[in-house]
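Enquirer: Structure provided below as structure tokens; questions to follow.
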Amino acid sequence: MQEEVENRTFNLVISTSKLSARTIWVGWQNIHRNRKQMKMNKRIEKANNPQKKTVKQLMKESKHLSNIEISETDISGFERFARKHHIDYEIKKDDGVEPPKYLVFFKSKDSKDLSKAFKEYLSSVMEKDERKSALAELRKMVEKVKSIPRKVRNKDKEQSL
């Protein structure tokens, strides 16, 4: 109950030399206007932000869906590129086949966006595969260091008279 009260409270700070009902009313109007603006911004952001949707929702919005069948589950890396190019998608798992296959349904405003997103995703995957492992590089360096002969120091103590 206390959390609900805390969420509904706000502070009104007015700098004035003379506090009157009119200044309080103007402050209240500013708060009201600001809250309306914040709600509008959230709606606009939500409308522009592509998100995971069900196949049914995608079909309602557009009859033109494209789908791809994949056997791996590394679609999570694609999400960043899908958001960047405003692509809506849904992943369905086909359990009837062993190993399970995944159907990915896509909808975008332009087919160029879809192909662009896939190209960027594939290039990032290829870069990751081509990157050399830092751990493997360290192991090679350790072996090279081990193969280098060390200096031999002779510490002979001489006795003096």
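The values are calculated or read from the model by the stated rules, or taken from the named source; none is laboratory data. All values derive from a computational prediction rather than experimental measurement. Methodologically, a virtual Cβ is constructed for each residue, glycine included, from the backbone with ideal geometry; neighbour enumeration extends over all protein chains shown. Keep in mind that these areas ignore ligands, DNA and RNA; they rest on the heavy atoms of the full protein, side chains included. Shrake-Rupley method; radii C 1.70, N 1.55, O 1.52, S 1.80 Å.
Enquirer: With respect to the cross-link table entries K56/K101; K36/K112; K56/K119; K36/K116; K84/K107; K42/K116, which display a Cα-Cα separation exceeding 25 Å?
Expert: K36/K112; K56/K119; K36/K116; K42/K116
Enquirer: Please list E127, E45 from largest to smallest accessible area, probe radius 1.4 Å, with all protein chains kept in place.
Expert: E45, E127
Enquirer: Between E45 and N67, what FRET efficiency follows from the Cβ-Cβ distance if R0 is 35 Å, with the result rounded to 0.05?
Expert: 0.80
Enquirer: According to a simple spin-label model (label point 7 Å from Cα along Cα-to-Cβ), what is the distance in nm between K112 and Q37?
Expert: 3.5
Enquirer: Moving to a separate point now. Are there any GluC sites (Glu not before Pro) in segment 132-161 that are in a DSSP loop and have at most 13 other Cβ atoms within 10 Å? List them by number.
Expert: Taking segment 132-161 and a limit of 13 other Cβ atoms within 10 Å, the loop GluC sites (Glu not before Pro) found are E158.
Enquirer: Order I44, I68, I31 by their accessible area, 1.4 angstrom probe, all chains in place, largest first.
Expert: Listed by decreasing accessible area, they come as I44, I68, I31.
Enquirer: Could you check the simple spin-label distance between K140 and S76, using points 7 Å along Cα→Cβ, in nm with one decimal?
Expert: 3.0
Enquirer: Something else: Give the accessible area for R33 in Å² (nearest 10); use a 1.4 Å probe, count only protein heavy atoms, and leave out ligands, DNA and RNA.
Expert: In the full protein context, R33 sits at about 140 Å².
Enquirer: So, taking all protein chains as they sit and a 1.4 Å probe, how much accessible area belongs to D129, in Å² rounded to tens?
Expert: Around 110 Å² of this residue is reachable by solvent.
Enquirer: Give me the extension gain from N30 to V104: residue separation times 0.36 nm, minus the current Cα-Cα distance, reported in nm with one decimal.
Expert: Separation in residues times 0.36 nm, less the Cα-Cα distance, equals 22.0 nm.
Enquirer: Calculate, axis by axis, the spread of Cα positions in segment 79-161 along the three principal axes, and write the results as whole Å, longest axis first.
Expert: 97, 32, 17
Enquirer: Can you sort F118, F106 by solvent-accessible area, 1.4 Å probe, largest first?
Expert: Largest accessible area first, the list is F118, F106.
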